[in-house]
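If you scroll down you'll find the structure; I have some questions about it.
The values are calculated or read from the model by the stated rules, or taken from the named source; none is laboratory data. These figures come from a predicted structure and were not determined experimentally. No Cβ is skipped: glycine too gets one built from the backbone with ideal geometry, and neighbour counts run over all protein chains shown. Ligands, DNA and RNA are excluded from the accessible area calculation, which covers all protein heavy atoms including side chains. Shrake-Rupley method; radii C 1.70, N 1.55, O 1.52, S 1.80 Å.
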Amino acid sequence: QVQLVESGGGLVQAGGSLRLSCAASGNIFSINAIGWYRQAPGKQRDLVARITSRGNSNYADSVKGRFTISRDNAKNTVTLQMNSLKPEDTAVYYCNVVERAVNYWGQGTQVTVSS
């Protein structure tokens, strides 16, 4: 059983920054890829950024150059640094990991970007 907890969401003005964190139980972050997803009301949950166990990352086109994903395997944490935030970034952000072919999600953290 994997447990994920997100934190760091909040309300910011356009152009501001937020840092989201995801903490996981166990030591799964040492071997698993971790993804950040987001879901706005009425929309599908989409991948924002993903980082492999070796630290290789990829991003959705909409956030490239603005968001940075990183990980600390020793602490079982993954961070999403979000800069130059836009109103369209408003969504609930979720941490995701696949362990033994099962998708695990955190409870989500709300990010709201005002104009």
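Checking the structure you have, find out if any residue of the stretch 60-76 is under 16 Å from residue 110 (Cα atoms) and exposed (fewer than 13 other Cβ atoms within 10 Å of the Cβ).
no
So, in the stretch 88-115, of the ones that are at pLDDT 95 or above and charged (D, E, K, R), which residue ends up least open to solvent (accessible area, probe 1.4 Å)?
89
Separate question: Answer yes or no as to whether residue 113 is touching an Asp or Glu at 6+ places or on another chain (Cβ under 7 Å), assigned to a strand (DSSP E or B) and on the phi < 0 side of the Ramachandran plot.
Taking the combined requirement at face value, the residue satisfies it.
Inside the stretch 78-87, can you point out the residues that are touching a strand residue (DSSP E or B) at 6+ places or on another chain (Cβ under 8 Å) and either open to solvent by 40 Å² or more (accessible area, probe 1.4 Å) or among the hydrophobic types (A, V, I, L, M, F, W, C) (or both)?
Result: 78, 80, 82, 83, 85, 86, 87.
So, one more: Sort out which residues of the stretch 8-35 are modelled with pLDDT of 95 or more and out of contact with any strand residue (DSSP E or B) (no Cβ under 7 Å at 6 or more places or on another chain), and write them in order of number.
15, 16
Within the stretch 1-52, track down each residue that is more than 19 Å from residue 88 (Cβ to Cβ), buried (at least 16 other Cβ atoms within 10 Å of the Cβ) and β-branched (Val, Ile, Thr).
Result: 2, 28, 34, 51.
Within the stretch 61-68, is even one residue modelled with pLDDT under 95 and of a type outside the set (Ser, Thr, Tyr)?
As a first pass, look at the stretch 61-68 and keep what is modelled with pLDDT under 95: none.
There is no residue in the stretch 61-68 that is modelled with pLDDT under 95 and of a type outside the set (Ser, Thr, Tyr).
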